[in-house]
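Engineer: Input: one structure, supplied below.
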Amino acid sequence: MKNKLINIAGLAAVTSMVLAACAQPTPITITKEVIKEVPKEVIKEVIKEVPGKETIKEVVKEVQVAAGPRTQVRWYVGLGTGSDKDQIPVQKKFVEKYNASQDKIELVVEIVTNGNGVIARDNLKAQIAAGNAPDIVGPVGKYGRAQFKGSWLDVAPLIKEANLDLNGVDQALIDFVKDDGVQVGLPYALFPSFIFVNKDLFDEAKLPLPPQKVGEKYQGKDWDLAAVTQLALKLTVDKNGKDATQPGFDKKNIKQWGFDQQWGNMRSELTGIGGPGLPFEGDAAKLPQGWKDAAHWLYDAIWKQGFYPNKAARGSELLTNGGNEFASGNIGMSWTHTWYMCCLGTVVKNWVAVAPPMVNGKVMSKMHGDTFAIMKDSKQPKAAFQAMIAMMADPELQVLYNGLPARPADRPAFFKLQNETRKLKDGQVPWDMMVELLKYPDIPNHESWMPNMIKAEDRLNAFQDLMRTKEGLNIDEELAKLEKDLDGLYKAK
Amino acid sequence: MATIIKPRKGILAQLPETHLGRVEAMWGLIFLSPWLFGLVFLYLMPMLVSLVFSFTNLDPINAADVKFIGFSNYLRMLQDPDILTSAVVSLKFGLLAVPLRIITALLAALLVNAKRLSGKTIFRVLFYLPAMIPAVAAGLVFTRLFNPATGWINALIGLLGIEGPNWFGDPKVIVWGLVLLALWAIGPGMIQDIAAFQNVPTELYEAAKVDGANPFYQFFRITLPLISGVIFFQILFGFIFALQYFEVAYLLGDGRGNPDKATLFYNLYLYRNAWVFNDMGYAAAMAWVLFAVAIVVTVLLFRSQKRWVYYATDRD
């Protein structure tokens with residue numbers, strides 16, 4: 001009898017442990033705030049007192065807000081940018097301001113920790129699965145949306161109904177916010193990519209800075225990957241202070257690296273080096289030749305020349321101490337997007353933005369584009385659309401997310417606010433260059449749809465990890481394996 | 001006329017007959033109700049729902065398109081090479097980490113229980129402290145300690161003139177890194193062993209000494225058999241620990257089982273199917289297979305204890 005009791009107790013304990021194992025593993029941080037109405041209205045007036053100079057005047061008015069129930073619109077933040085601790089108060093302030101101006105809509109913001117794109121994603125999936133989807137999600141980019149393919153509302157009819165003025169917005173940018181032919185949002189925040197340069201490291205190596213104008217030459221030669229390589233080698237330094245061009249350079253003890261593409265997945269990295277392309281043709285996998293060459297270039301840069309950090313280096317104190325790689329102060333040049341201005345930390349004091357190198361003889365800036373999207377399951381799409389338009393019109397939110405406004409008319413105010421908010425020095429970020437780069441996006445975009453996208457992206461990223469981790473690979477063989485696996489994934493869908 | 005009181009049957013027979021008894025029972029149930037609520041709604045119901053899910057093609061993003069697909073998910077597991085890969089990864093880790101954790105905890109317990117050791121309490125606290133640190137935090141610390149470029153471990157190995165391995169980057173080595181991390185938090189096992197030592201009658205050691213038994217003989221013939229109940233408990237929970245292994249694997253393998261699927265534990269693969277690939281039905285089937293395996297192994301372990309576990313009292 002005692003045996004049986006112990007057996008039952010043991011089984012019960014095991015059952016509960018297994019159940020615990022199967023439970024959702026990651027604690028989720030959610031900041032959820034319902035801002036109650038405040039009987040005030042904040043109006044911003046742009047006053048032009050002196051030609052060419054604008055002053056923004058804030059007027060706070062007491063307003064009468066009608067009592068009674070209001071349509072609640074839930075805004076979900078975290079799938080893209082927006083969940084950093086410095087960003088949260090600004091978004092809450094917007095909600096407060098918006099609700100104060102409303103008598104029909106009550107905006108509720110839910111800010112979920114992004115967690116490397118995982119926590120917010122899992123949380124949103126759980127909400128959708130439970131039939132509790134939010135109304136608005138954003139800012140969110142192409143990749144974030146692709147993970148919820150089929151969940152987004154086609155806003156084209158709402159745009160038409162609202163008779164929105166999209167004058168001046170490039171049609172290509174409007175199309176950029178189409179997923180599989182569905183207009184999931186309006187062009188909002190554009191993130192061209194460029195190179196962040198650690199000026200102190202350039203000065204130390206007595207190297208002239210790369211150009212800050214698109215298409216400009218560097219030291220009389222094209223500003224291309226060959227020029228990047230030459231600079232990167234000189235900026236890569238071992239523990240004895242020798243750079244990668246000097247005899248006796250110790251590849252196993254590198255302390256400073258010349259070049260990196262930060263926070264880029266495999267498609268982003270291959271596009272940066274090999275040019276835009278898609279890893280398929282029809283239903284079959286086909287890696288562009290440019291990408292195959294890029295894989296060789298990257299692998300050599302990591303393991304032969306040593307100027308591009310491998311995985312161990314990325315996880316070391318040398319590149320994590322500032323919070324991320326470039327911010328550590330041990331990377332000379334880092335190619336990434338405008339959104340990175342959020343996270344430069346405090347170690348690198350003297351950075352400047354320069355043009356991306358030409359790839360295959362062409363100017364190209366890998367582009368990210370964030371927008372707000374409405375979920376197909378929204379019970380109040382019209383109210384959500386109305387709130388969404390207000391978000392997109394708010395200049396503080398635009399600055400907060402670092403994205404260049406899609407509407408050219410909004411850009412001067414954005415640049416001014418960016419300069420002030422980030423205390424940018426003259427010439428540190430050449431905004432003209434950023435605007436110019438919008439003309440050279442990577443088409444097809446490196447975040448665009450592909451068959452069986454999540455699994456295919458996952459396989460590509462496994463290849464990236466392999467390249468960064470293992471020395472001595474036969475890259476052609478690995479590329480053939482990758483292509484075969486991708487083919488299987490495409491056909492399995 | 002005499003009143004006939006019918007004897008109560010079934011569940012009614014267990015109810016108290018007096019008013020006071022029934023009031024007490026009612027209050028008992030009221031106080032138990034939060035736990036009962038949790039058991040039914042947070043455990044049993046989700047479990048039942050997940051069993052239903054396992055027979056469907058449920059995708060949480062497109063839940064409206066859910067279809068009943070019978071045993072397809074279970075059959076698919078037989079053809080999925082990553083199921084075997086993940087099972088092997090979990091098994092390999094379990095077979096290495098569980099015995100080593102038990103042995104290391106036992107050795108640590110013997111050490112801090114040694115008569116001649118001074119400052120026993122300090123040592124016990126020091127051995128126990130790592131167990132207080134969450135596994136994820138410990139994992140993060142270990143990624144730095146074991147980093148081949150700047151970690152202390154390889155720096156120490158380097159002093160011997162040997163190049164240290166790429167602990168968390170080499171698929172052949174990473175399992176040892178994970179085992180070392182698992183060995184770091186042996187405090188609870190050590191405390192259990194120390195408690196078990198206290199229950200071994202001292203007269204047995206005295207009698208053994210009189211018979212000329214040396215300390216090794218005493219350990220293997222007296223201590224070990226008499227603490228076998230605790231070792232059984234540690235094996236059982238070690239097995240559960242290996243089945244539950246997730247957070248550290250997730251952290252060190254970038255959530256993808258890197259490098260080269262060497263950290264694709266069964267639980268991690270289950271999570272990826274559910275939350276990354278939106279294959280909730282398949283993941284539910286995986287969870288039920290895991291549950292079945294856990295039950296079978298637990299039953300086998302319980303059955304095996306008759307042959308090697310010593311209980312001072314009659315257990316039948």
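Residue-by-condition table, conditions (1) touching a residue at least 60 places away in the same chain (Cβ under 8 Å); (2) more than 16 Å from A:Leu233 (Cβ to Cβ); (3) within 14 Å of chain B (Cβ to nearest Cβ); (4) part of a helix (DSSP H, G or I):
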| residue | (1), (2), (3), (4) |
| --- | --- |
| A:Ala294 | no, yes, no, yes |
| A:Asp300 | no, no, no, yes |
| A:Phe307 | yes, no, no, no |
| A:Arg314 | yes, yes, yes, yes |
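Engineer: Go through A:Asn198, A:Asn167, A:Asn114 for me and flag whichever is polar (S, T, N, Q) and either within 14 Å of chain B (Cβ to nearest Cβ) or at positive phi (or both). Steps first, answer last, please.
Structural biologist: Working: A:Asn198 fails: either within 14 Å of chain B (Cβ to nearest Cβ) or at positive phi (or both); A:Asn167 fails: either within 14 Å of chain B (Cβ to nearest Cβ) or at positive phi (or both).
Selected residue: A:Asn114, the only one of A:Asn198, A:Asn167, A:Asn114 that is polar (S, T, N, Q) and either within 14 Å of chain B (Cβ to nearest Cβ) or at positive phi (or both).
Engineer: Could you please find all residues in region B:276-301 being among the aromatic types (Phe, Trp, Tyr) and free of Cβ contacts under 8 Å to residues at least 60 places away in the same chain? Outline the logic, then answer.
Structural biologist: Residues of region B:276-301 that are among the aromatic types (Phe, Trp, Tyr), as a first pass: B:277, B:282, B:288, B:291.
Listed by number, the residues that qualify are B:Phe277, B:Phe291.
The rows are residues; the columns are (1) more than 24 Å from A:Gly472 (Cα to Cα); (2) acidic (Asp, Glu).
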{"residue": "A:Asp250", "(1), (2)": "no, yes"}
{"residue": "A:Ala284", "(1), (2)": "yes, no"}
{"residue": "A:Gly306", "(1), (2)": "no, no"}
{"residue": "A:Ala312", "(1), (2)": "no, no"}
{"residue": "A:Glu317", "(1), (2)": "yes, yes"}
{"residue": "A:Asn321", "(1), (2)": "yes, no"}
{"residue": "A:Ala327", "(1), (2)": "yes, no"}
{"residue": "A:Ile331", "(1), (2)": "yes, no"}
{"residue": "A:Thr346", "(1), (2)": "yes, no"}
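Engineer: Taking the condition within 12 Å of chain A (Cβ to nearest Cβ), touching a Gly at 6+ places or on another chain (Cβ under 7 Å) and surrounded by fewer than 22 Cβ atoms within 10 Å (Cβ to Cβ), does B:Phe302 pass? I'd like the intermediate steps shown before the answer.
Structural biologist: Numbers: within 12 Å of chain A (Cβ to nearest Cβ): yes; touching a Gly at 6+ places or on another chain (Cβ under 7 Å): yes; surrounded by fewer than 22 Cβ atoms within 10 Å (Cβ to Cβ): yes.
For B:Phe302, the condition - within 12 Å of chain A (Cβ to nearest Cβ), touching a Gly at 6+ places or on another chain (Cβ under 7 Å) and surrounded by fewer than 22 Cβ atoms within 10 Å (Cβ to Cβ) - is met.
Engineer: Taking region B:252-268 as the search range and keeping residues that are touching a residue at least 60 places away in the same chain (Cβ under 8 Å) and facing chain A (nearest Cβ under 7 Å), which one is nearest to the chain's Cα centre (by Cα)?
Structural biologist: Taking the candidates together, the pick is B:Asn267.
Engineer: Which of the following residues is assigned to a helix (DSSP H, G or I), more than 10 Å from every other protein chain (Cβ to nearest Cβ), within 20 Å of the chain's Cα centre (by Cα) and not aromatic (Phe, Trp, Tyr): B:Ala249, B:Ala208, B:Ala285?
Structural biologist: Details: B:Ala208 fails: within 20 Å of the chain's Cα centre (by Cα); B:Ala285 fails: within 20 Å of the chain's Cα centre (by Cα).
Result: B:Ala249 is the single residue among B:Ala249, B:Ala208, B:Ala285 that is assigned to a helix (DSSP H, G or I), more than 10 Å from every other protein chain (Cβ to nearest Cβ), within 20 Å of the chain's Cα centre (by Cα) and not aromatic (Phe, Trp, Tyr).
Engineer: Out of all the residues in region A:270-289, which are over 25 Å from A:Ala492 (Cβ atoms) and in contact with a strand residue (DSSP E or B) (Cβ under 8 Å, 6 or more places away or on another chain)?
Structural biologist: A:Gly272, A:Ile273, A:Gly274, A:Gly275 - these are the residues of region A:270-289 that are over 25 Å from A:Ala492 (Cβ atoms) and in contact with a strand residue (DSSP E or B) (Cβ under 8 Å, 6 or more places away or on another chain).
Engineer: Step by step: first the residues of region A:345-390, then only those that are among the aliphatic types (A, V, I, L, M) and surrounded by fewer than 18 Cβ atoms within 10 Å (Cβ to Cβ), then the one that is modelled with the lowest pLDDT. Which residue is that? Before you say what the answer is, go through the steps one by one.
Structural biologist: Here is the first cut: in region A:345-390, the ones among the aliphatic types (A, V, I, L, M) are A:347-348, A:352-355, A:358-359, A:363-364, A:367, A:373-375, A:383-384, A:387-390.
Pick out the ones that are also surrounded by fewer than 18 Cβ atoms within 10 Å (Cβ to Cβ) and you get A:347, A:363, A:389-390.
Details: A:Val347: 91, A:Val363: 95, A:Ile389: 94, A:Ala390: 95.
Per the criteria, the residue is A:Val347.
Engineer: Any chance you could count how many residues in region A:234-248 are farther than 29 Å from A:Leu479 by Cα and surrounded by 19 or more Cβ atoms within 10 Å (Cβ to Cβ)?
Structural biologist: Selection size over region A:234-248: 4.
Engineer: Would you mention how many residues in region A:423-437 are touching a helix residue (DSSP H, G or I) at 6+ places or on another chain (Cβ under 8 Å) and buried (at least 19 other Cβ atoms within 10 Å of the Cβ)? Before the answer, list the steps.
Structural biologist: First pass over region A:423-437, keeping only residues touching a helix residue (DSSP H, G or I) at 6+ places or on another chain (Cβ under 8 Å): A:424, A:429, A:431, A:434-435.
Narrowing further to those that are buried (at least 19 other Cβ atoms within 10 Å of the Cβ): A:429, A:434.
Of the residues in that region, 2 qualify.
Engineer: Can you go through B:Leu111, B:Leu140, B:Leu129 and tell me which one is touching a residue at least 12 places away in the same chain (Cβ under 8 Å), surrounded by fewer than 19 Cβ atoms within 10 Å (Cβ to Cβ) and within 11 Å of chain A (Cβ to nearest Cβ)? Spell out the reasoning first.
Structural biologist: Working: B:Leu111 fails: within 11 Å of chain A (Cβ to nearest Cβ); B:Leu129 fails: within 11 Å of chain A (Cβ to nearest Cβ).
It is B:Leu140.
Engineer: Can you tell me which residue within region B:212-246, out of those that are crowded, with 21+ Cβ neighbours inside 10 Å and touching a Lys or Arg at 6+ places or on another chain (Cβ under 9 Å), is nearest to the other protein chains (Cβ to nearest Cβ)?
Structural biologist: That would be B:Gly238.
Engineer: Restricting the search to region A:208-229, which residues are surrounded by fewer than 17 Cβ atoms within 10 Å (Cβ to Cβ) and free of Cβ contacts under 8 Å to residues at least 60 places away in the same chain?
Structural biologist: Passing the criteria: A:Pro208, A:Lys217, A:Gln219, A:Gly220, A:Lys221, A:Ala226.
Engineer: Related question: Report yes if some residue within region A:194-210 is modelled with pLDDT of 95 or more and of a type in the set (Gly, Ala, Ser); otherwise report no.
Structural biologist: Looking only at region A:194-210, we keep the residues that are modelled with pLDDT of 95 or more, and these are A:194-210.
Still in the running and of a type in the set (Gly, Ala, Ser): A:205.
Taking every residue of region A:194-210 in turn, at least one turns out to be modelled with pLDDT of 95 or more and of a type in the set (Gly, Ala, Ser).
Engineer: Checking B:Pro165 against (1) over 21 Å from A:Ser316 (Cα atoms); (2) in a loop (DSSP other than H, G, I, E, B), only one condition comes out false. Which one?
Structural biologist: Unmet condition: (1).
Engineer: If you go through region A:67-87, how many residues are surrounded by 17 or more Cβ atoms within 10 Å (Cβ to Cβ) and in contact with a strand residue (DSSP E or B) (Cβ under 7 Å, 6 or more places away or on another chain)? Break it down stepwise before answering.
Structural biologist: Going through region A:67-87, the residues surrounded by 17 or more Cβ atoms within 10 Å (Cβ to Cβ) turn out to be A:70-71, A:73-83, A:87.
This time we only want the ones that are in contact with a strand residue (DSSP E or B) (Cβ under 7 Å, 6 or more places away or on another chain), so: A:70-71, A:73-83.
Residues meeting the conditions: 13.
Engineer: In region B:8-18, is there at least one residue being modelled with pLDDT under 95, loosely packed, with under 10 Cβ neighbours inside 10 Å and among the β-branched types (Val, Ile, Thr)?
Structural biologist: There is at least one residue in region B:8-18 that is modelled with pLDDT under 95, loosely packed, with under 10 Cβ neighbours inside 10 Å and among the β-branched types (Val, Ile, Thr).
Engineer: What are the residue pairs meeting all of these: first residue in region A:394-411, first residue buried (at least 22 other Cβ atoms within 10 Å of the Cβ) and in a helix (DSSP H, G or I), second residue β-branched (Val, Ile, Thr) and modelled with pLDDT of 90 or more, Cβ atoms under 6 Å, and 6 or more apart or on different chains?
Structural biologist: Between residues of region A:394-411 that are buried (at least 22 other Cβ atoms within 10 Å of the Cβ) and in a helix (DSSP H, G or I) and residues that are β-branched (Val, Ile, Thr) and modelled with pLDDT of 90 or more, the close pairs are A:Leu400/A:Val90.
Engineer: Checking A:Thr338 against (1) closer than 25 Å to A:Gly272 by Cβ; (2) assigned by TED's automatic domain parsing to the domain that holds A:Asp135, which test does it fail?
Structural biologist: A:Thr338 satisfies all of (1) closer than 25 Å to A:Gly272 by Cβ; (2) assigned by TED's automatic domain parsing to the domain that holds A:Asp135 except (2).
Engineer: Enumerate the helices (runs of 4 or more DSSP H) found wholly within region A:139-213, keeping only those where 2 or more residues are in contact with a helix residue (DSSP H, G or I) (Cβ under 9 Å, 6 or more places away or on another chain). Outline the logic, then answer.
Structural biologist: On the way: elements: A:142-146, A:156-162, A:171-176, A:199-204.
Here the list reads A:142-146, A:156-162, A:199-204.
Engineer: Another one. If I ask for residues that are surrounded by 18 or more Cβ atoms within 10 Å (Cβ to Cβ) and part of a loop (DSSP other than H, G, I, E, B), which ones from region A:442-473 would you list?
Structural biologist: If the condition is that a residue be surrounded by 18 or more Cβ atoms within 10 Å (Cβ to Cβ) and part of a loop (DSSP other than H, G, I, E, B), then A:Asp442, A:Asn445, A:His446, A:Glu447, A:Ser448, A:Met450, A:Pro451, A:Asn452, A:Lys470 are the ones that fit.
Engineer: Of everything in region A:147-164 that's surrounded by fewer than 18 Cβ atoms within 10 Å (Cβ to Cβ) and of a type in the set (Gly, Ala, Ser), which residue is farthest from the other protein chains (Cβ to nearest Cβ)?
Structural biologist: Let us first name the residues in region A:147-164 that are surrounded by fewer than 18 Cβ atoms within 10 Å (Cβ to Cβ), namely A:149-150, A:154, A:156-157, A:159-164.
Among the residues that remain, those that are also of a type in the set (Gly, Ala, Ser) are: A:150, A:156, A:162.
Working: A:Gly150: 6, A:Ala156: 22, A:Ala162: 28 Å.
That would be A:Ala162.
Engineer: Take B:Tyr271 and decide whether it is part of a helix (DSSP H, G or I), within 8 Å of another protein chain (Cβ to nearest Cβ) and within 28 Å of A:Lys149 (Cα to Cα). Give the steps one after another, and end with the answer.
Structural biologist: Working: part of a helix (DSSP H, G or I): yes; within 8 Å of another protein chain (Cβ to nearest Cβ): yes; within 28 Å of A:Lys149 (Cα to Cα): yes.
Yes.
The values are calculated or read from the model by the stated rules, or taken from the named source; none is laboratory data. Quantities reported herein were computed from a predicted structural model and do not represent experimental measurements. No Cβ is skipped: glycine too gets one built from the backbone with ideal geometry, and neighbour counts run over all protein chains shown.
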